[in-house]
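Coordinate-derived values only; no laboratory data. Everything numeric here is computed off the predicted structure, so don't read it as measured data. Neighbour counts run over all protein chains shown; Cβ positions are idealised from the backbone, glycine included.
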Amino acid sequence: MAKSTASAGAAQSGSHAAGEATGQRPRVALVTGANRGIGFEIARQLARRGLRVLLGSRTLTKGRAASRLLAEEGLAAEPVRLDVTDPAQIKSLARELRAAGGLDVLINNAGVLLDPRGGRFLDVRLATCERTLATNLYGPLLLLQAMLPLMIERGYGRVVNMSSELGQLEEMGSGTPAYRISKTALNALTRIVASDTRGTGVLVNSMCPGWVRTEMGGPEAPRTVAQGADTAVWLATLPGDGPSGGFFRDRKRIAW
């Protein structure tokens with residue numbers, strides 16, 4: 001993995017001391033798939049709150065371009081090369097973060113929707129399921145395994161898994177089967193990890209952003225990226241007595 005800029009921000013942390021701070025340094029947040037769409041907006045909103053934001057992107061070129069856009073708004077976000085399907089990159093980044101002081105917030109935002117629009121279960125290809133699960137489920141699983149120890153050691157952590165109402169068992173229907181399965185499984189992972197981290201100071205939740213106008217959602221979607229990002233930012237900055245193991249949309253708990 002190319003050397004990320006994760007450790008470079010230690011010298012810049014003083015400028016954010018008034019933000020979401022631990023008393024010695026600002027909270028550090030990693031947002032995956034943050035070079036565009038909802039992830040980019042989450043990074044923007046967290047930076048506005050004074051967190052030190054690591055802007056995860058599969059390529060540093062795209063990450064740096066996104067970081068420059070935020071810099072034009074007076075906001076700092078450090079680009080980090082991170083392909084969530086690459087276990088070696090995840091482990092390398094975890095080592096860098098440990099050396100730089102740890103991690104406080106993980107937003108598992110990176111995701112793919114590879115099903116043909118309106119695709120049926122009988123027609124879904126195994127390769128589509130495998131590629132979808134690699135990003136939408138195994139990526140968050142590997143990141144949690146690598147990053148949770150950093151949070152538990154500090155007695156503080158906030159994890160937000162970007163899910164979808166398409167993964168709700170309560171409302172499960174047909175269409176986009178690989179994507180639906182991946183989000184249902186991500187919700188199960190949320191419940192498992194929330195249970196395993198109870199009492200550690202780490203809060204783990206899933207959220208649905210709704211149908212948002214992004215490259216994935218398309219131009220006809222009714223919600224803005226700011227609306228889609230709001231619940232993620234809320235969950236990322238919960239107080240110590242906040243919920244864990246829940247599924248939320250518009251800051252309200254919804255059915256699994």
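Would you list, by chain and number, the aspartates and glutamates whose Cα falls below 19 Å from the Cα of Lys62, excluding same-chain residues fewer than 8 positions away? Reachable aspartates and glutamates: Glu41, Glu72, Glu73, Glu78, Asp83, Asp86, Glu215. In the chain, the DSSP-assigned H stretches of four residues or longer account for a calculated mean residue ellipticity at 222 nm of -11500 deg cm²/dmol, using -39500 (n - 2.57) per stretch and the full residue count as denominator. No solvent, one uniform scatterer per C-alpha: report log10 I(q)/I(0) for the chain via the Debye equation at q = 0.07, 0.11 1/Å, two decimals. Cα-only, vacuum Debye calculation for the chain: -0.21, -0.54. Cβ crowding within 10 Å, taken as a proxy for footprinting-reagent exposure, orders Met172, Met207, Met216, Met147 from fewest neighbours to most as Met172, Met216, Met147, Met207.
For Val204, the residues whose modelled amide H falls within less than 5 Å of its own, excluding neighbours fewer than 5 places apart on the same chain, are Val159, Gly245.
Kindly work out what percent of the DSSP beta bridges joining two residues of region 26-253 are antiparallel, to the nearest 5.
On the way: 2 of 27 bridges.
Around 5 percent of the beta bridges assigned by DSSP in region 26-253 are antiparallel ones.
Karplus-derived 3J(HN,Hα) values for region 52-66, using 6.51 cos²θ - 1.76 cosθ + 1.60 with θ = phi - 60°, are 7, 9, 9, 9, x, 8, 5, 10, 5, 4, 5, x, 5, 5, 5 Hz; glycine and proline are entered as x. Ordering Gly246, Tyr138, Phe40 by Cα displacement along the dipole of the chain toward the positive end leaves Phe40 in first place; charges were set at the Cβ atoms of Lys, Arg (+1) and Asp, Glu (-1). Each peptide among 67-75, 125-133, 158-166, 84-92 gets the average number of other Cβ atoms lying within 10 Å of its residues, and from highest to lowest they stand as 158-166, 84-92, 125-133, 67-75. Excluding same-chain neighbours fewer than eight residues apart, the aspartates and glutamates reachable from Lys183 by a Cα-Cα span under 12 Å are Glu165.
Can you tell me the length gained on complete extension of the stretch Ser195 to Met216, counting 0.36 nm per residue apart and subtracting the Cα distance? Intermediate values should be presented prior to the final figure.
Details: separation 21, 0.36 × 21 = 7.56 nm, distance 3.13 nm.
Additional length available on full extension: 4.4 nm.
Dividing the convex hull volume of the alpha-carbon atoms in region 94-173 by its residue count gives 109 Å³ per residue. Note on region 128-256: semi-axes of the ellipsoid equivalent to its C-alpha gyration tensor, largest first and rounded to whole Å, are 24, 17, 13.
Compute the length gained on full extension between Arg95 and Leu169: take 0.36 nm times their separation in residues and subtract their Cα-Cα distance, giving the result in nm to one decimal. Spell out each step's value before the answer.
On the way: separation 74, 0.36 × 74 = 26.64 nm, distance 3.68 nm.
Between Arg95 and Leu169, full extension yields an extra 23.0 nm.
Convex hull of alpha carbon positions in region 145-221: directionally averaged projected area 6.2 nm². Measuring r between the beta carbons of Ala226 and Lys252 and using R0 = 22 Å, the FRET efficiency lands at 0.80. In region 26-253, Cα pairs under 8 Å separated by at least six residues give a relative contact order of 19 percent. Using Cβ point charges alone (K and R +1, D and E -1), the dipole size of the chain about the Cα centre works out to roughly 320 debye.
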